[in-house]
Amino acid sequence: PTATGRTYPDFVAKLKDGRLFVIEYKGGDRVSNNDSKHKKQMGELWAKASGGKCVYLMAVPQKEAGMSLQQQLLAAIRQQD
C-alpha cells in the first residue's frame, strides 16, 4: 500500500537464496514524477523492514542510471546480500 492507494510492481521473483526480488521499471518520462518517487521510497522501506528477506529495485533506462538494466539488477541483488 501507498499513501494514495496501492502499488503493483512489474516483476516479482524468488531468488535462489530464497529472497524475494521486486522490480519496478520506469521509463525516462516517469522516473522523476511524484508517484514514482513515492513508490521507490515505499519499496526501499519495505525491503529494509524485511530484515534481508526482500530486495527492491526501481530500474530505469541506462541513460538515467549510467548502468544497463542487467547491471542494475545485479547491483541491487549484491547490495542487499
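The values are calculated or read from the model by the stated rules, or taken from the named source; none is laboratory data. Since we're looking at a predicted model, the values are computed, not measured. Counting neighbours? That spans all protein chains shown, and the Cβs are built from the backbone with ideal geometry, glycine included. Remember, those area values only see protein heavy atoms, side chains included, never the ligands or the DNA or RNA. Shrake-Rupley method; radii C 1.70, N 1.55, O 1.52, S 1.80 Å.
Only helical DSSP H runs with n ≥ 4 go in: add -39500 (n - 2.57) per run for the chain, normalise by residue count and round the 222 nm mean residue ellipticity to 500 deg cm²/dmol.
Values: 3 runs with 31 residues, N = 81.
The helix contribution divided over the chain gives -11500 deg cm²/dmol.
At Leu20 and Leu45, where each label point lies 7 Å from the Cα along Cα→Cβ, what is the point-to-point distance in nanometres?
Calculated label separation equals 1.7 nm.
Which percentage, to the nearest 5, of the DSSP beta bridges contained in the chain is antiparallel?
45 percent
How many percent of all Cα-Cα pairs in the chain sit more than 18 Å apart?
39 percent
Roughly how many Å² of Lys40 are accessible to a 1.4 Å probe, to the nearest 10?
Approximately 90 Å² for this residue.
By how many nm would the segment from Lys53 to Thr7 lengthen if fully extended, with 0.36 nm per residue of separation less the alpha-carbon distance?
Values: separation 46, 0.36 × 46 = 16.56 nm, distance 1.94 nm.
That works out to 14.6 nm of additional length.
In straight Cα distance, which lysines are under 24 Å from Lys48, not counting same-chain residues fewer than 8 positions off?
Within reach: Lys14, Lys16, Lys26, Lys37, Lys39, Lys40.
Sort region 29-71 into rounded, prolate or oblate with this rule: let a ≥ b ≥ c be the square roots of the eigenvalues of the Cα gyration tensor; rounded if a/c is under 1.5, and if a/c is not under 1.5, prolate when a/b is larger than b/c, oblate otherwise. Show your work: numbers first, answer last.
Working: a/c = 4.15, a/b = 1.38, b/c = 3.00.
Oblate shape, in that a/c is at least 1.5 and b/c is the bigger or equal ratio.
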